[in-house]
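> Sharing a structure here in structure tokens format.
The values are calculated or read from the model by the stated rules, or taken from the named source; none is laboratory data. Treat the numbers as computed from the prediction; the structure is a model and nothing was measured. A quick note on method: Cβ atoms are made from the backbone with ideal geometry, for glycine too, and the neighbour counts reach across all protein chains shown.
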Amino acid sequence: MHTEHTNADSNEPGSSEAGGSDSATPDAGSTGAGPTNIGGNVMAEALRLTRAGRLAEATALLRSGSPADPAPPAALGAIASRHPVPATGAAGLSAHLPSTLRAGLGRSLAGLQSRLPGTRQHSPDAADAARSPGGQVRRLTHTEAAGSRDYELYIPTGYAGQPVPLVVMLHGGTQDATDFAAGTGMNRLAEQHTFLVAYPEQSSGANAGRYWNWFRPEDQQRDRGEPTIIAGITRQVMRDHAVDPAGVYVAGLSAGGAMAAVMVAAYPDLYAAAGIHSGLAYGCAQDVPSAFAAMKTGGSPGRAGAVPMIVFHGDNDGTVSPVNADLLVGSCLSAHRAGAARAVTEHGESGRRFSRVVHRDAGGAVVAEQWTVHGGGHAWFGGSPAGSYTDPQAPDASAEMVRFFLACRPAESDATVEPAEQ
């Protein structure tokens, strides 16, 4: 079921998934007795060490420290030598901690996510920018057994009930639907090409920093957790409007990009292609600590969905290592069994220099396209400054994704499309 908000600017947070406690809610600065309440100073230092790839020292700090009196940094080397931890691997940190400490680490690190450098609210102009293309923006709520999430739906002026494509856009951490719509400029492209755009929105109740929980096993599977909610939003839009089922796509930035990879792995029958910007591969992490490790090393991805994929990543990204883009494309090629297929590399400059590698299968169909933007950081390329985490310098990631998506759509869809409900 879904509900439409009468106030377009309202933002009632949805509930977290039913059937379990949410480890992302407690504040990182909480203190108290026992290993599950780790002091903020200890956790901040453990986070810094984890992101630097120094997992053995992070583990040593967490094992020896207490909320009131963490072990001095000089002692970390000796402690680490007594408790060796692999320096790489997605689960390197969390696998070597007691279960109670591991749970506390997850809760505390999740709270720290919202305090990372660069976190900020979106521009006051974001709502105007999202609506400026001229179509209709509806704010809705989708509810089912797994939980509820708000979402925004952009309906272009050219839509008159005919079957059109649908692009599902998953925002990054600390963002929301309006911010992401403004920053990516996807609504402008929807006006140009006549397609619908849905922007599911993570709730602070499910994750304190509004990150999609792409790293939790319960949120990596079909018909469970956040994937079933996002798929439910997708299907709700398809029921309410005339959508070509062969033209449904999903894209995302950072945590949203990682969740887009989850969606095509879990629902390859629902999405025809994926666009992943500064994201991570499916199954590369199983909890918050391994997620931070994967952001640095790429982790050990699971089996991807056999769905065409376009990937953007800056080679100067200090938040999510560019190795993740290579793993995303590699897992996509493996799923298509196209490892030995043809690849063509192109170079260009349009604001920023970039390299573009196009992978085709034996039949010549494009299965993956990888864009490496030289000097680019952790931001949506070609985006608008009206949104957060954008780099206005070209290439235009949104335009290239739309081009890629529409090229994946059959010229003549033979699927039967039910008329939209009036």
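> Among what's in the stretch 203-224 and is out of contact with any Pro (no Cβ under 9 Å at 6 or more places or on another chain) and either among the small types (G, A, S) or without any contact (Cβ under 8 Å) to a residue 60 or more places away in the chain (or both), pick the residue that is farthest from H241 (Cα to Cα).
Result: G209.
> Identify all residues within the stretch 234-264 that are in contact with a Lys or Arg (Cβ under 7 Å, 6 or more places away or on another chain) and crowded, with 20+ Cβ neighbours inside 10 Å; write none if there are none.
G247
> Could you list, in sequence order, all residues of the stretch 315-370 that are in a helix (DSSP H, G or I) and either under 18 Å from the mean Cα position of the chain (by Cα) or surrounded by fewer than 19 Cβ atoms within 10 Å (Cβ to Cβ) (or both)?
Correct list: V323, N324, A325, D326, L327, L328, V329, G330, S331, C332, S334.
> Among the residues of the stretch 130-160, write down those that are of a type outside the set (S, T, Y), more than 30 Å from D219 (Cβ to Cβ) and not in a strand (DSSP E or B).
Result: R131, P133, G134, G135, P156, G158, A160.
> On to the next question. Restricting the stretch 255-287 to residues that are assigned to a helix (DSSP H, G or I) and of a type outside the set (A, V, I, L, M), which is farthest from F405 (Cα to Cα)?
G256
> Now for a different question. Only one of G257, G305 is at pLDDT 95 or above, touching a helix residue (DSSP H, G or I) at 6+ places or on another chain (Cβ under 9 Å) and not aromatic (F, W, Y); which?
G257
> Now for a different question. Count, please, the residues in the stretch 334-358 that happen to be in contact with a strand residue (DSSP E or B) (Cβ under 6 Å, 6 or more places away or on another chain) and more than 18 Å from A397 (Cβ to Cβ).
Summing the residues that are in contact with a strand residue (DSSP E or B) (Cβ under 6 Å, 6 or more places away or on another chain) and more than 18 Å from A397 (Cβ to Cβ) in the stretch 334-358 gives 7.
> Please find, within the stretch 317-341, the residue that is modelled with the highest pLDDT out of those that are hydrophobic (A, V, I, L, M, F, W, C) and farther than 19 Å from R356 by Cβ.
V320
> To continue, here is another question. Just the residues that are part of a loop (DSSP other than H, G, I, E, B), surrounded by fewer than 24 Cβ atoms within 10 Å (Cβ to Cβ) and over 17 Å from the mean Cα position of the chain (by Cα), please, taken from the stretch 182-219.
Within the stretch 182-219, T194, G205 meet the criteria.
> Does D179 qualify as being among the acidic types (D, E), assigned to a strand (DSSP E or B) and modelled with pLDDT of 95 or more?
So D179 fails the test.
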